Amino acid sequence: MADPFHIVVCGSLVPDPLQTLEPVAGAQGPGLKNETMLPAVLDPWAGHALFEAANLAKQVAGSQVWLVTLGPKAKLQQLMMTIAQKVPFQLVVLDGTASGFADAHEVATALATAIQGIPGLDRNRLLLFGGCASASRDSGVTLQLVGEQLGIRDQFLGVDELGIEPDGALHILERVEGGQYQVSRCVAPPAVLAWATGSLPEPHNNPQVGMMNMRTIMPQLQKAKPVTVGCAGIQYDTVKLPSQRRDTRVVRDVPAADIAREIVDWLKA
Amino acid sequence: MTIMTKPETQASLQTLPGDDVRQIMWRYADRFDIQMVVQSSRSVARGIVAQLVAEGARNTHDWTEAKNRMFPAFDQSGITAAGLDPEYGGFLTGPRNLALSLVAFELAWVDAGAATTSLVNNLALGPIVERGTTEQKARYMSACIPPQPGETRQPWRGAFALTEPIPYVGVDTGVLGGKVRVAKWTEGAEPMLQVEKRGRFITNMAVANFVTAAVESDDPRLKGTCMVILEESDPGIFDRGAPTHKLVHQLSSTHDPIFNLTVPASRIIGGYTVQNGVIVPNYSHGDIIEAVFARTRVTVGLMTSAKLLSAVEPVVRYQRGRFRGGAGLAPGSPRYDLGLQQKEDALHRLVDIWASGEAGSSLGFETARLFDAWEPYVRRKEALFAEQGITGARAQMRALRQPRAEALEYLALLGQPPAQRNEVRFAELDANPLVHYVVQESLANVLCPACKLWNTGHGTNMLREAVSLMGGYGITEDCPGFLGQKWMDAQLEATYEGPESVQRRQLSVTMTDDLFLAQYRQWITDMRHIGALRPATGACALATAMELWLWTFMHLRDAKDADGKALYQSQRHGVTFPLADALCWLLATRCQILDVLELAAKGPASPNLAGGGLEGFVNFFTDLCHVHTARAAGEVGRICAELVYGYDRHPAWECDLRGNCTTAILADALDQAMPGYSMIAEALSREFTDQPLPPDKAGPCVCMRATEAFSRRRTKLDGCLTGARLAKDRAAQALTQVMIPEALDYPA
Ligand SMILES: Cc1cc2nc3c(=O)[nH]c(=O)nc-3n(C[C@H](O)[C@H](O)[C@H](O)COP(=O)(O)OP(=O)(O)OC[C@H]3O[C@@H](n4cnc5c(N)ncnc54)[C@H](O)[C@@H]3O)c2cc1C
């Protein structure tokens, strides 16, 4: 059986994707219209990473999971009312912006510093998890940058599956072009695993898990330190939605084949 | 004196209210356990429940495999355990009324039948929780707890069987047909009972493993009525019966079961004693069901309110997009952007729907919180009475006479400024748990039936309005938000757990309680104060309407009809029931205003709200209060006027005309309120004297001397409506600008 892992998941919140997202220029740089009031969800890629982390921790006894998150703490507190009930974890909070306009290098530095400060974290057993991308910032570089700042050289940036071999080595399937997987073997932690979708369903909410988590999460939220990351020194000339207009249609009873055909037609167009 | 007017341009609603807003308004911002239950109920509602409705699972009366999938979802998400005590595996410590109300609210947001299914275990367990013996609580609550990791056990489900086939229990719960007899009683052993019960419309019967049933003794060796617990494996007949062909709540199972079972006497809920060779149950079925319904009815009321609020988003989306896609209609044009929202009527009606949903929710959650606050005092009272050996309803009533008198004194002191009252006496009364018990009991006895009656009854009417705003789409299965189903379902919410007549009957008694009326009087003063600070809420108009109601009630209590018969008496539903209806409007609106004040007070401490939006929410909700106050005032004025005048016989020309006509003095008095009134009166009276028979339209007029005080109040109330329509216009305007999500967050 493998030695316990120390799994650190980086992830924050994004506006609920069903909301109308309208870029606006604010005093602190660009943002979204009514951003503070829009309901937020855990960034879906970070969510996959967190659920995979919890699953791994369940399989390898003694493992621990931390969620390191940079976001406005009041909104994070709301988010925890859902996320904290899904799987057990400890929270590390950096109180700052989770805006998609913040600079990825600054975000990575803040996250790396916070990870270095986690008491009792065994850097030799560290698996750094997160999303391979983000629903608010799709540059897909943050995790790589955090890994580099922590000196982790083994990086896997489109993970869909992680298995632990009997000798404790990591067996990793990464997405590559054309629906193919690249299979890697990593002898031991530390490693960075940026998750694509994984294969786990979203765990059920379970308030009992939540209330256990909240015992440590609330104090963390209360003592969260403000962190400034963002747009300082960056000038945005214009900010607008991607040119492809999002036309949400709600349709019923359409066979999957028809939906697939429509997507293919759209891609080809 | 200067009259301040508020500028007509003010911050308004930017987004639909989210959790940050609701947690403050409904007072669970500091309860993480409740917030989590809300989130997990929401994910079940908008996940599996919505899928079931969208897939057409409601289109059969049978309890299908698909419908049955809701149970594991309730178990996994903590919904089942939310109703259970921590010592038996639950996780919510302390009273749970607010938490369970929010669960019902979240589920009913999508489907109230699913909400019913989730809560029926609490109803079935209710008699055991409220009055059961320790052994009964342990056995049935532990059996209902969902399996823990590693366990393979199936959790038990329950049903509550009170209603019986005609001619027995329905609205009148005393007419029991279900019988219990002593089947076998050997010396020194537990007596065995034979229970025969037929149920009608019993929820959860398709799956119930146990049933709590109301029965009456048919044996001299057993006294009175009681509730017994029946298990599916008991010897005899446990026939689940045929599914009811109901048109509503198809995500709950309803059957007409038949039971004929032998059970040990230990199944009598709350236990029994043997006195002179007779089994005497410790609680009659009446004692038990009142205690159970008092709590569960609040959750039902909230189901209908949830549905009203759930209608706002789909209606706004439908209205805005109504004409999009039409030839030559360009994005950016008002017709494209606003669609039907260009029409004032469509907006005004939606404002009314929203305002009713707010008022109902505020009343419901206030009632749930009241039960939470009251529960510790109930336990204290029970413990004190047990210590003192005070048992039986009569003895308890006698024992509470003194605390009730003290409670009146306490309320009088409570209304005085601390500096002016006898603080020593106040502290003494405040420390007496029985004083708090009776004060809160008097409120619970009014708020609970008011919430069940008004939220469901008026709510059903308003759901019909919501359906109509969606046009033909509204009455199809495809209507987003399932509005047609929600409307129809609401009729059941108004019926089960005691239909409207039961609630009106209860209110017509409990609202006359001096303890309630003392608090009601204080509320009038409070509303005046709020009206002075925040006139835009309409609080002052509400205070005037409350005064009108109180005056009318006092008048009716002593008044007689034209034939000399007393007006306010229990059989005279024509008097008591409408007055109960009028009171509900006032109670709901008062709670609505208080919730908005709470948001205004606590909102600034919420970074998510203070960062933007709070002012808009407060202004918009304030306007909704004003709109609703006007509506409530109208209802109260109408009902009260009909009752005050309607039982005097209308004068006819045979009698002395002048005595019956409006007097000049009164005409002058009314002239001040309605300029021009005296001229009309004078013209009319001139006409009378000039002609042998007066013209059809001219009277005979009614002398209003006896009710002058009423007219004055009513006229004042009319004036109090000032500004209400401006508030409605502002709220309507806000609906055209509020940002809504791109799609509903549950399938349709
Ligand atoms: C889907 C569904 C689920 C249900 N689930 C349960 C359950 O789980 N357990 C259970 O025990 N019951 C259940 N019921 C029964 C429900 O509580 C009763 O239908 C309800 O109490 C009304 O009784 P009734 O239908 O016999 O109406 P009736 O008693 O016939 O009353 C009909 C109407 O007559 C008038 N009326 C009758 N009596 C009076 C009076 N004294 N004063 C003034 N007006 C009066 C009222 O307008 C009343 O609404 C359910 C019903 C339905 C439809």
Just name one of A:LEU193, A:ALA224, A:THR82: the one whose Cα is farthest towards the positive end of the charge dipole of segment A:6-226 (beta-carbon charges, Lys/Arg +1, Asp/Glu -1).
A:ALA224
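Other chains near B:737-747: what is the mean number of their Cβ atoms within 10 Å of each residue's Cβ?
Per-residue shielding by partner chains comes out at 4.
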Of the peptides B:359-365, A:180-186, A:5-11, B:284-290, how do they stack up when ordered by the mean number of other Cβ atoms within 10 Å, highest first?
B:359-365, A:5-11, B:284-290, A:180-186
Using the crude model of +1 on Lys and Arg Cβ and -1 on Asp and Glu Cβ, and no other charge, please compute the dipole size for the protein assembly as shown relative to its Cα centre, in debye to 20.
940
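Would you mind giving the mean number of other chain beta-carbons within 10 Å of the Cβ of each residue in A:199-210, as a whole number? Please list the in-between numbers first.
Numbers: counts 0, 0, 0, 2, 1, 10, 13, 7, 18, 8, 3, 9.
The mean count of partner-chain Cβ atoms within 10 Å per residue comes to 6.
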Roughly speaking, what % of Cα-Cα pairs in segment B:9-283 are separated by over 26 Å, rounded to a whole number?
47
With Rg and the Kirkwood Rh both taken from Cα atoms, where does Rg over Rh land for segment B:1-138?
1.13
Among B:THR391, B:ALA405, B:PHE371, which residue has its Cα positioned farthest towards the positive end of the charge dipole of segment B:354-431, with +1 placed on the Cβ of Lys and Arg, -1 on the Cβ of Asp and Glu, and the dipole taken about the Cα centre?
B:THR391
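Can you put B:HIS650, B:HIS245 in order, fewest other beta carbons within 10 Å first?
B:HIS245, B:HIS650
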Let me test this: with uniform point scatterers at the alpha carbons of segment A:6-226, what is the Debye-based log₁₀ I(q)/I(0) at q = 0.07, 0.11, 0.14 1/Å?
-0.20, -0.50, -0.83
Taking other Cβ within 10 Å of each residue's Cβ, how do B:THR722, B:THR80, B:THR212 sort, fewest first?
B:THR722, B:THR80, B:THR212
Starting from the Kirkwood radius over alpha-carbon pairs of segment A:179-239, derive D by Stokes-Einstein at 25 °C in a medium of 0.890 mPa s and give it in µm² s⁻¹.
139
Using only the alpha carbons of chain B, determine the length spanned along each of the three principal axes and report them from longest to shortest in whole angstroms.
93, 71, 59
For B:LYS602, net neighbour charge (Lys/Arg +1, Asp/Glu -1) across residues whose Cβ lies under 11 Å away
-3
Rg and Dmax of segment B:339-420, using alpha carbons, in Å: what are they?
22.5, 70
Please go through the residue pairs B:LYS179/B:LYS223; A:LYS86/B:LYS602; A:LYS86/A:LYS223; A:LYS240/A:LYS268; B:LYS67/B:LYS137; A:LYS73/A:LYS223 and name each one whose alpha carbons sit more than 20 Å apart in this structure.
A:LYS86/B:LYS602; A:LYS86/A:LYS223; A:LYS240/A:LYS268; B:LYS67/B:LYS137
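For B:ALA112, what charge total do you get from the other residues with a beta carbon under 9 Å from its beta carbon, if Lys and Arg give +1 and Asp and Glu give -1?
Details: positive: B:LYS307, B:LYS486; negative: B:ASP111, B:ASP489, B:GLU493.
Once positives and negatives cancel, what remains is -1.
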Positive minus negative residues near A:LYS225 (Lys, Arg vs Asp, Glu; Cβ under 11 Å):
+1
Mind checking the dipole of segment A:6-226: about its Cα centre, +1 per Lys or Arg Cβ, -1 per Asp or Glu Cβ, Debye to the nearest 20?
720
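Arrange the following residues from fewest to most other Cβ atoms within 10 Å of their Cβ: A:TRP66, B:TRP354, B:TRP523. List each step's numbers first, then the result.
Working: A:TRP66 21, B:TRP354 26, B:TRP523 17.
Going from sparsest to densest Cβ surroundings: B:TRP523, A:TRP66, B:TRP354.
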Could you estimate the translational diffusion coefficient of the protein assembly as shown from the Stokes-Einstein equation, with Rh from the Kirkwood formula over C-alpha pairs, at 25 °C and 0.890 mPa s, in whole µm²/s?
77
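Considering every residue in A:69-76, what mean count of other chain Cβ atoms within 10 Å of its Cβ is obtained?
Values: counts 0, 0, 0, 3, 1, 8, 4, 0.
Mean partner shielding for this stretch: 2.
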Relative contact order of segment A:6-226, pairs being alpha-carbon contacts under 8 Å that are 6 or more residues apart, as %
26
I need the calculated FRET efficiency for the pair A:TYR236 and A:GLU165, taking r as the beta carbon distance and R₀ as 51 Å, to the nearest 0.05.
0.60
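What FRET efficiency, computed as 1/(1 + (r/R0)^6) with R0 = 60 Å and r the Cβ-Cβ distance, is obtained for B:ARG725 and A:VAL183, rounded to the nearest 0.05?
Numbers: r = 71 Å, r/R0 = 1.18.
That pair, B:ARG725 with A:VAL183, gives E of 0.25.
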Under a plain spin-label model, where a point goes 7 Å from the Cα along Cα-to-Cβ, how far apart in nm are B:THR736 and A:VAL254?
3.3
With unit charges on the beta carbons (Lys and Arg positive, Asp and Glu negative) and the dipole taken about the Cα centre of segment B:9-283, which residue among B:SER142, B:ALA206, B:GLY188 sits farthest to the positive side?
B:ALA206
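Where a number appears in this text, it was derived from the coordinates with a stated rule and is not lab data. All figures in this text were calculated on a predicted structure; none of them were measured in a lab. Virtual Cβ from ideal backbone geometry, glycine too; neighbours counted across all protein chains shown.
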